[in-house]
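Chemist: Once you've had a glance at the structure underneath, I'll fire off some questions.
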Ligand SMILES: [Zn+2]
């Protein structure tokens with residue numbers, strides 16, 4: 001009798017992995033997303049499925065409705081890769097609270113993830129690449145002792161910060177960083193005006209513990225770092241405390257904090273001028289608007305019509321990085337959001353929002369910052 005094709009094993013026992021296997025029967029698996037360490041959030045998943053080539057796998061995430069952003073599943077397709085490098089989207093359905101991912105194995109294994117992952121090895125290569133052209137410094141240590149590292153480009157007086165991956169489950173921020181660091185590195189060979197006028201501090205990975213733990217939002221102590229910027233907990237959020245200390249010493253005139261949004265199918269910037277001084281608040285508002293115009297002229301996915309809800313205050317929004325640095329330092333504070341699903345302005349029907357799109361957006365943001373410093377309208 002001919003053997004039936006089947007799934008042999010499902011494994012998330014690696015850095016960044018997240019899935020709990022309930023049961024496997026033939027080509028169907030019932031799975032659950034594990035909550036963040038010491039925290040209530042859940043949405044990130046990353047696991048490997050091994051089975052017979054040709055097997056039509058149905059991977060059911062049965063607790064999808066209990067995740068943090070269930071509204072995000074309706075228009076979402078899971079990311080799959082059989083070589084760990086090229087990621088495409090799998091047929092995915094969200095019905096009756098279950099997210100079903102369908103994939104036919106061509107080889108013996110497939111990686112499945114919420115978004116194309118970007119782990120510590122990739123970050124180490126990114127830092128090495130950036131350090132060949134810029135300065136490299138250690139900024140702070142996480143609660144488990146991992147280093148938060150920073151690259152510095154340029155020698156101008158205007159101090160910019162580019163931050164990525166406060167939320168570990170948003171690896172689009174890391175792909176964005178890859179584009180930004182590549183563009184900054186190229187510009188060092190072009191005697192760019194940007195570097196005469198500005199110094200740019202790039203922190204590609206603010207929450208390495210969360211990345212290793214396979215979390216959506218939390219660091220190792222269970223903190224959402226992007227709610228800690230108003231008054232960071234020294235022991236449980238030393239990542240933010242260390243960054244704020246250095247911003248105070250070095251200066252912070254513009255901060256761009258890069259994220260992914262689970263529910264909004266658009267690329268957008270959220271900026272809320274928060275300086276108590278009206279002149280500064282006006283300068284912040286004008287500065288953010290001008291950056292948005294410059295970016296929209298360069299990148300077809302970026303738009304300004306849709307963003308967070310106008311009244312968005314959220315839990316502890318006052319502790320969001322962009323808002324807190326705007327209030328504290330008078331900086332132009334901007335949160336950049338990218339989608340998990342397809343960008344409606346620049347739809348890619350194969351890959352949806354892709355690593356390549358993130359890289360291009362990172363490059364375009366650097367060119368927009370250069371134009372911004374050049375006082376282009
Ligand atoms: Zn985020």
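The values are calculated or read from the model by the stated rules, or taken from the named source; none is laboratory data. These numbers come from a predicted model, not from an experiment. Note that each Cβ is placed from the backbone with ideal geometry, even for glycine, and that neighbours are counted across all protein chains shown.
Chemist: What number of residues within the range 193-217 are more than 15 Å from the ligand (Cβ to nearest atom), assigned to a helix (DSSP H, G or I) and within 17 Å of residue 68 (Cβ to Cβ)? Give the derivation first.
Modeler: So the first thing to find is which residues in the range 193-217 are more than 15 Å from the ligand (Cβ to nearest atom), and the list is 193-202, 208-209, 212-214.
Those still in the list that are assigned to a helix (DSSP H, G or I) too: 193-197, 208-209, 212-213.
Now drop any that are not within 17 Å of residue 68 (Cβ to Cβ), which leaves 213.
Total satisfying the criteria: 1.
Chemist: Please indicate, with yes or no, whether at least one residue in the range 240-252 is outside any strand (DSSP E or B), surrounded by 23 or more Cβ atoms within 10 Å (Cβ to Cβ), within 16 Å of the ligand (Cβ to nearest atom) and modelled with pLDDT of 95 or more.
Modeler: yes
Chemist: Shifting gears a bit: So residue 109 clears everything in (1) free of Cβ contacts under 8 Å to residues at least 60 places away in the same chain; (2) buried (at least 16 other Cβ atoms within 10 Å of the Cβ) except one condition, right? Which one?
Modeler: (1)
Chemist: Restricting to the range 185-201, count the residues that are crowded, with 24+ Cβ neighbours inside 10 Å and in contact with a helix residue (DSSP H, G or I) (Cβ under 6 Å, 6 or more places away or on another chain). Break it down into steps so the answer makes sense when it comes.
Modeler: If we filter the range 185-201 for residues that are crowded, with 24+ Cβ neighbours inside 10 Å, which is where we start, we get 194, 200-201.
Next cut, in contact with a helix residue (DSSP H, G or I) (Cβ under 6 Å, 6 or more places away or on another chain) only: 194.
Counting residues in the range 185-201 that are crowded, with 24+ Cβ neighbours inside 10 Å and in contact with a helix residue (DSSP H, G or I) (Cβ under 6 Å, 6 or more places away or on another chain) gives 1.
Chemist: Oh, and also: Evaluate the following for residue 33: is it farther than 24 Å from residue 351 by Cα, buried (at least 18 other Cβ atoms within 10 Å of the Cβ) and touching a strand residue (DSSP E or B) at 6+ places or on another chain (Cβ under 9 Å)? Reasoning before the result, please.
Modeler: On the way: farther than 24 Å from residue 351 by Cα: no; buried (at least 18 other Cβ atoms within 10 Å of the Cβ): yes; touching a strand residue (DSSP E or B) at 6+ places or on another chain (Cβ under 9 Å): yes.
So residue 33 does not fit the description; no.
Chemist: At pLDDT 95 or above, surrounded by 24 or more Cβ atoms within 10 Å (Cβ to Cβ) and in contact with a helix residue (DSSP H, G or I) (Cβ under 6 Å, 6 or more places away or on another chain), is that true of residue 168?
Modeler: On the way: at pLDDT 95 or above: yes; surrounded by 24 or more Cβ atoms within 10 Å (Cβ to Cβ): yes; in contact with a helix residue (DSSP H, G or I) (Cβ under 6 Å, 6 or more places away or on another chain): yes.
Yes.
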